[in-house]
Amino acid sequence: MFCSLSRLYRGLSRPTRRTTQLIWGSFSRSLVLSSQRRIPELSSFVARTNTCGELRSSHLGQEVTLCGWIQYRRQNIFLVLRDFHGLVQVIIPQDESAASVKKILCEAPMESVVQVSGTVISRPPGQENPKMPTGEIEIKVKTAKLLNSCKKLPFEIKDFVKKTEALRLRYRYLDLRGVQMQYNLRLRSQMVMKMREYLCNLHGFVDIETPTLFKRTPGGAKEFVIPSREPGKFYSLPQSPQQFKQLLMVGGLDRYFQVARCYRDEGSRPDRQPEFTQIDIEMSFVEQTGIQSLIEGLLQYSWPSDRDPVVVPFPSMTFAEALASYGTDKPDTRFGMKIVDISDMFRNTEVGFLQDALSKPQGTIKAICIPEGEKYLKRKDIESIRKFAADHFNQEVLPIFLKTNNNWNSPVAKFIMEEQGLGLIRLLETQEEDVVLLTAGEHKKACSLLGKLRLECADLLEARGVVLRDPALFSFLWVVDFPLFFPKEENPEELETAHHPFTAPHPSDIHHLYTEPQKVRSQHYDLVLNGNEIGGGSIRIHDAELQHYILATVLKEDVKLLSHLLQALDYGAPPHGGIAIGLDRLMCLVTGAPSIRDVIAFPKSFQGHDLMSNAPDSIPPEELKPYHIQVSWPTDSETKKSSLNHPCHPES
Ligand code: ASP
């Protein structure tokens, strides 16, 4: 069974950005391969005998009934019918006796739904269309039924027709008819199917649903609140099934997974949705390496077969290394331009701001080298890089251009001694025409800034035709050994968790927990793909006392809110750990979609609205009464302020 399903899987080929007809063509060809293997049966239980896209010369002479949308009509003689599987040409009968059939097929507007019955015949010699998988045949229609007529459309159902995202979201049901959305959603379904197969059938996982009406949990993302009929009592939508999956471990369901819907009220961000889907996993008696191997196997097994195969094990990098070399905890390892610490080269520098930086605790000098930057970066790019550094990081960035004969051209060139220059060339492996961006300051700040500039410069170089990141490359990476806590941004004296409060400390650092908790590393691991965090998890605390200490003493959370979990840990909780893979982001990367909204059937807009149904919507006061709540309407000035804080993204 696995073997045939994986063959089916192989059948779904990627649409290309050619004409619609061609795109439908390739889609159709691939699915026909699957149907020839009789898996799956695409026309069972319905009013058609075949799909539009599957018919070939091997069907010649067969009587077929097809249902589909009118894609195209020419001279009232030819009509092209479309379903999800492809396109087929239908010949509109011209003889008097078939006048009613002709009338239906000629008068129905484009995108009307029709059912036609007729015979599969070959196209006359010379009229075959090699670009169409069904291009050798056509349908000689005998009967036709207009199943539903289509009004004038807000946009044409053709992928190459440009439309704004707002319009696409407003008429999402029409947008879904396009080839790319069909492909994205069908591939998503197939990958999830393979994941289920891998987890349940190959590794004995149990698919368990957990509640979506839950209660407020401490820490983590902001939650959506749902009123209840009890005065002053609210449910919360879970940001993830974290507590439930741990409680399932206590309950002896020792290999859990769920395609779980999660909710986070985090406002608008380009790669986020207020509701999103995770492949949520938890296992008992497991260590970090066990979870990592499971996920590597899962991705390898479910990976589309027309992509380069996933190579396992994935490389791994510590959080400290990721920050030092890439300035982020989600490094894009498809290209170099790594951050290099050049502090030692400048210990005796005469340059004031470098001297100043080095005299401070944690003070460093760092640089990245932009290959051929001189050729590709314009003066205004360098200016905007420096402005970005000043505006967002309050940092100075020095551009240094390496000229022929290793001469440096920079505002500080005359202060760079020969040995420093040579040292830089060696450390950064610079070549002629490269540009070095140098900054000085506190380690984390300098790294974060250069990490951002590294990506920014990569975008700039690519916009000018340099290929830095191979679009066919999928570069997976584990980031491990995170700190257990970070200082809070607003009050660095206080700590917050780097992952979530249930993450176990690293066994070799546990002695620091009671004295210097900020030094403790955790058993938290993130999975990164091409510079995007696509998953994260941890080995959990299964000791109630330790969990209580971290919640109450380190994080200063209200433990009462989690008394059920603390209690459960005391009743023989097994050691356990897990992970969640962000399915939307993963699919976005696999399909190469520009946004996660392109792999979700009914996404929210950038501002969290459903543009089709207009949710969230108002509710009359009398309907709010049973919930004992009333709206406190913002004043005009409050409304203005909030629109300034959330500048309008073009939704319409
Ligand atoms: N619940 C975590 C999250 O949503 C993942 C995990 O620790 O399993 O990020």
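For this structure, a couple of remarks:
- Within the stretch 477-526, the residues that satisfy the criterion of being small (Gly, Ala, Ser) and within 16 Å of the ligand (Cβ to nearest atom) are Ala498, Ala504, Ser522.
- Hey, His542 within 12 Å of the ligand (Cβ to nearest atom) and farther than 30 Å from Ala458 by Cβ or not: no
- One residue stands out in the stretch 421-446 among those that are on the phi > 0 side of the Ramachandran plot and surrounded by fewer than 19 Cβ atoms within 10 Å (Cβ to Cβ): the one that is farthest from the chain's Cα centre (by Cα), namely Glu433.
- Per this entry, Leu468 is not counted among residues that are closer than 26 Å to Gly290 by Cα, more than 16 Å from the ligand (Cβ to nearest atom) and either touching a Leu at 6+ places or on another chain (Cβ under 6 Å) or in a loop (DSSP other than H, G, I, E, B) (or both).
- Any chance Pro371 is crowded, with 18+ Cβ neighbours inside 10 Å, under 30 Å from Glu462 (Cβ atoms) and more than 31 Å from the chain's Cα centre (by Cα): no
- Cβ separations smaller than 7 Å between residues 6+ apart or across chains give the following pairs from the stretch 274-291 residues that are among the aromatic types (Phe, Trp, Tyr) to residues that are in a helix (DSSP H, G or I): Phe276/Asp584.
- Single unsatisfied condition, Pro93 versus (1) within 24 Å of Ile157 (Cα to Cα); (2) in contact (Cβ under 8 Å) with a residue 12 or more places away in the chain: (1)
- Condition check for Ser228: more than 21 Å from His499 (Cβ to Cβ) and of a type outside the set (A, V, I, L, M): yes
- Restricting Arg56, Arg82, Arg38 to residues that are at pLDDT below 95 and not hydroxyl-bearing (Ser, Thr, Tyr) narrows the list to Arg38.
- Residues of the stretch 222-242 that turn out to be over 24 Å from the mean Cα position of the chain (by Cα) and either of a type in the set (Lys, Arg) or surrounded by 17 or more Cβ atoms within 10 Å (Cβ to Cβ) (or both), as a count: 4
Okay, residues lined up against (1) surrounded by fewer than 18 Cβ atoms within 10 Å (Cβ to Cβ); (2) of a type in the set (Gly, Ala, Ser):
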position	(1), (2)
Leu561	yes, no
Ile579	no, no
Leu586	no, no
Ser595	yes, yes
Ala615	yes, yes
Ser618	yes, yes
Leu624	yes, no
His628	yes, no
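To keep it simple, each residue is scored yes or no on (1) of a type in the set (Lys, Arg); (2) in a strand (DSSP E or B); (3) out of contact with any Phe, Trp or Tyr (no Cβ under 8 Å at 6 or more places or on another chain).
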residue: Thr277; (1), (2), (3): no, yes, yes
residue: Glu282; (1), (2), (3): no, yes, no
residue: Val286; (1), (2), (3): no, no, yes
residue: Gly297; (1), (2), (3): no, no, no
residue: Tyr301; (1), (2), (3): no, no, no
residue: Val310; (1), (2), (3): no, no, no
residue: Ala320; (1), (2), (3): no, no, yes
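Let's see how each residue does on (1) away from the ligand (no atom under 16 Å from the Cβ); (2) outside any strand (DSSP E or B):
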| residue | (1), (2) |
| --- | --- |
| Val528 | no, no |
| Gly537 | no, no |
| Ile550 | no, yes |
| His564 | yes, yes |
| Asp598 | yes, yes |
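- Selected residue (criterion: farthest from the ligand (Cβ to nearest atom)) from residues of the stretch 250-260 that are surrounded by 16 or more Cβ atoms within 10 Å (Cβ to Cβ) and outside any loop (DSSP other than H, G, I, E, B): Val250
- Boolean, Ser343 is touching a strand residue (DSSP E or B) at 6+ places or on another chain (Cβ under 8 Å) and at pLDDT below 95: yes
- Hits in the stretch 58-115 (condition: under 15 Å from Leu146 (Cα atoms), among the polar types (S, T, N, Q) and outside any strand (DSSP E or B)): Ser100, Ser112
- Filter result for Asp481 (in contact with an Asp or Glu (Cβ under 6 Å, 6 or more places away or on another chain) and either surrounded by fewer than 17 Cβ atoms within 10 Å (Cβ to Cβ) or over 15 Å from Thr553 (Cα atoms) (or both)): no
- Candidate set from the stretch 261-282 (those that are more than 15 Å from the chain's Cα centre (by Cα) and within 13 Å of the ligand (Cβ to nearest atom)); member that is surrounded by the most Cβ atoms within 10 Å (Cβ to Cβ): Glu282
- Annotation: of all residues in the stretch 295-312 being surrounded by 21 or more Cβ atoms within 10 Å (Cβ to Cβ) and of a type in the set (A, V, I, L, M), the one that is farthest from the ligand (Cβ to nearest atom) is Leu299.
- None of Phe285, Phe319 is at pLDDT 95 or above, out of contact with any Leu (no Cβ under 9 Å at 6 or more places or on another chain), more than 24 Å from Leu468 (Cβ to Cβ) and surrounded by fewer than 18 Cβ atoms within 10 Å (Cβ to Cβ) except Phe285.
- Among (1) assigned to a helix (DSSP H, G or I); (2) at pLDDT below 95 - the single one His499 does not satisfy: (1)
- Residue under evaluation Leu213, criteria (1) touching a Leu at 6+ places or on another chain (Cβ under 7 Å); (2) under 23 Å from Ile281 (Cβ atoms), criterion not met: (1)
- Any hit, the stretch 223-241, residues being more than 23 Å from Val631 (Cα to Cα) and out of contact with any Cys (no Cβ under 8 Å at 6 or more places or on another chain): no
- Residue match in the stretch 192-204 (condition: within 34 Å of the chain's Cα centre (by Cα), surrounded by fewer than 17 Cβ atoms within 10 Å (Cβ to Cβ) and of a type in the set (Phe, Trp, Tyr)): no
- Top-ranked residue of the stretch 336-367 - restricted to ones that are touching a Ser or Thr at 6+ places or on another chain (Cβ under 9 Å) and in a loop (DSSP other than H, G, I, E, B), ranked as surrounded by the most Cβ atoms within 10 Å (Cβ to Cβ): Ile339
- Candidate set from the stretch 569-596 (those that are of a type in the set (Ser, Thr, Tyr) and within 18 Å of the chain's Cα centre (by Cα)); member that is farthest from the ligand (Cβ to nearest atom): Thr591
- Pairs linking a residue in the stretch 479-490 that is closer than 18 Å to Gly327 by Cα and touching a residue at least 12 places away in the same chain (Cβ under 8 Å) to a residue that is small (Gly, Ala, Ser) and not in a loop (DSSP other than H, G, I, E, B), with Cβ atoms under 6 Å and 6 or more positions apart or on different chains, are Val479/Ala322; Val480/Ser316; Phe482/Ser522.
- Per this entry, Leu247 is counted among residues that are within 15 Å of the ligand (Cβ to nearest atom), outside any strand (DSSP E or B) and not β-branched (Val, Ile, Thr).
The values are calculated or read from the model by the stated rules, or taken from the named source; none is laboratory data. Just so we're clear, the structure is a prediction, and the values are computed from it rather than from any experiment. Positions of Cβ are backbone-derived with ideal geometry, glycine not excepted, and every protein chain shown enters the neighbour counts.
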